[in-house]
Amino acid sequence: MLASVKAMDIIYLGHSSFKLRGRTVSLVTDPYDPKTVGFKFPSVEADIVTVSHDHKDHNQSGLVKGVRKVVFGAGEYEIAGVSIIGISQYHDNEKGEKRGKNIIYIYEMDGLRVCHLGDLGHVLSDEIIGQMGGIDILMVPTGGIYTIGPKEAVEVVSQIDPYFVIPMHYNVKGLSQEGFSKLSPVEDFLSNSGLTVERTQKFIIKKDDIAEDQSAKVVLLYQ
């Protein structure tokens with residue numbers, strides 16, 4: 001009798017931070033400074049942390065307990081059976097002139113390919129789309145100002161064509177309005193996308209759950 005394949009759990013920690021918990025390894029994306037963001041950063045443990053860029057609302061790896069490896073930069077990494085690909089892009093639409101570089105990460109874990117776009121500030125070239133390959137789950141910023149906004153996010157989703165879309169980096173109750181007041185709420189992205197929306201506190205998924213011909217769906221995670 002074959003052992004069942006454990007599903008991946010994806011939990012939203014706020015802003016652009018998520019915890020991915022696979023069969024044997026856990027990973028946290030872009031942990032943030034609570035004073036900067038306005039949310040308390042949850043008490044969380046993980047084997048791996050990835051940092052998309054060196055800003056306080058994305059680079060607080062020291063707040064995650066039990067970390068074996070922090071990944072910050074472009075390249076290919078193999079850590080405890082998890083493959084991570086970092087692709088250098090930009091935090092603005094002027095090739096980094098305003099806000100510098102941003103790393104897109106693709107995680108290959110338990111048969112799933114998950115992409116975290118960080119603070120992407122522009123739509124993607126065909127060359128970069130080709131480098132990324134097929135994506136099952138896409139974490140995309142939607143708030144604008146510091147990243148792509150709702151309409152650009154819809155375009156990037158269309159470019160990448162994932163099965164599941166998880167919005168991040170948008171305005172929400174509790175977010176510090178000192179630095180983030182101009183961010184759009186997630187509803188602006190949802191209305192522009194036209195996609196079916198599932199709202200849940202935890203996204204549980206395994207590769208076998210995905211049908212090749214299924215339509216894309218937004219998974220809106222809340223804390």
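The C-beta contact set for region 79-97 (first residue more than 20 Å from Gly133 (Cα to Cα) and touching a residue at least 24 places away in the same chain (Cβ under 8 Å), second residue outside any loop (DSSP other than H, G, I, E, B) and of a type in the set (Asp, Glu), distance under 9 angstrom, 6+ apart or interchain) comprises Asn93/Glu152.
Among the residues of region 1-12, which ones are touching a residue at least 60 places away in the same chain (Cβ under 8 Å) and open to solvent by 30 Å² or more (accessible area, probe 1.4 Å)? Break it down into steps so the answer makes sense when it comes.
The first filter runs over region 1-12 and keeps only residues touching a residue at least 60 places away in the same chain (Cβ under 8 Å), leaving 5-12.
Correct list: Val5, Lys6, Ile11.
Per-residue answers, yes or no, for (1) among the charged types (D, E, K, R); (2) under 19 Å from Ala7 (Cβ atoms); (3) without any contact (Cβ under 8 Å) to a residue 40 or more places away in the chain:
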position: Val157; (1), (2), (3): no, no, no
position: Ile166; (1), (2), (3): no, yes, no
position: Ser176; (1), (2), (3): no, no, no
position: Lys182; (1), (2), (3): yes, no, yes
position: Asp209; (1), (2), (3): yes, yes, no
position: Asp213; (1), (2), (3): yes, no, yes
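Entry remark, region 28-49: residues being over 27 Å from Lys173 (Cβ atoms) and either surrounded by 22 or more Cβ atoms within 10 Å (Cβ to Cβ) or in contact with a helix residue (DSSP H, G or I) (Cβ under 7 Å, 6 or more places away or on another chain) (or both) number 1 in total. Filtering region 62-84 to residues that are touching a Gly at 6+ places or on another chain (Cβ under 8 Å) and buried (at least 16 other Cβ atoms within 10 Å of the Cβ) leaves Val71, Tyr77, Val82. Any chance region 42-52 includes a residue that's modelled with pLDDT under 95 and more than 18 Å from the chain's Cα centre (by Cα)? No. Per the conditions (1) open to solvent by less than 50 Å² (accessible area, probe 1.4 Å); (2) at pLDDT 95 or above; (3) in contact with a strand residue (DSSP E or B) (Cβ under 7 Å, 6 or more places away or on another chain), the sole criterion not satisfied by Gly96 is (2). Of the residues making up region 108-118, at least one is in a loop (DSSP other than H, G, I, E, B), open to solvent by less than 10 Å² (accessible area, probe 1.4 Å) and under 25 Å from Phe203 (Cβ atoms). Those strands (runs of 3 or more DSSP E) of region 125-223 in which at least 1 residues are touching a Pro at 6+ places or on another chain (Cβ under 6 Å) and either open to solvent by less than 30 Å² (accessible area, probe 1.4 Å) or closer than 18 Å to Thr29 by Cβ (or both), considering only elements entirely within it, cover 137-141, 164-168.
Kindly establish whether His15 is touching a residue at least 60 places away in the same chain (Cβ under 8 Å) and open to solvent by 40 Å² or more (accessible area, probe 1.4 Å).
Values: touching a residue at least 60 places away in the same chain (Cβ under 8 Å): yes; open to solvent by 40 Å² or more (accessible area, probe 1.4 Å): no.
Here the answer is no, as His15 does not meet what is asked.
Could you go through region 190-198 and let me know if any residue there is at pLDDT 95 or above and touching a Phe, Trp or Tyr at 6+ places or on another chain (Cβ under 8 Å). No, region 190-198 contains no residue that is at pLDDT 95 or above and touching a Phe, Trp or Tyr at 6+ places or on another chain (Cβ under 8 Å).
The values are calculated or read from the model by the stated rules, or taken from the named source; none is laboratory data. What you see is a predicted model; the values in this text were computed from it and never measured. Here Cβ is always computed from backbone atoms with ideal geometry, including for glycine, and neighbour counts include all displayed protein chains. Please note that ligands, DNA and RNA were not included when accessible areas were found on the heavy atoms of the full protein model with its side chains. Shrake-Rupley method; radii C 1.70, N 1.55, O 1.52, S 1.80 Å.
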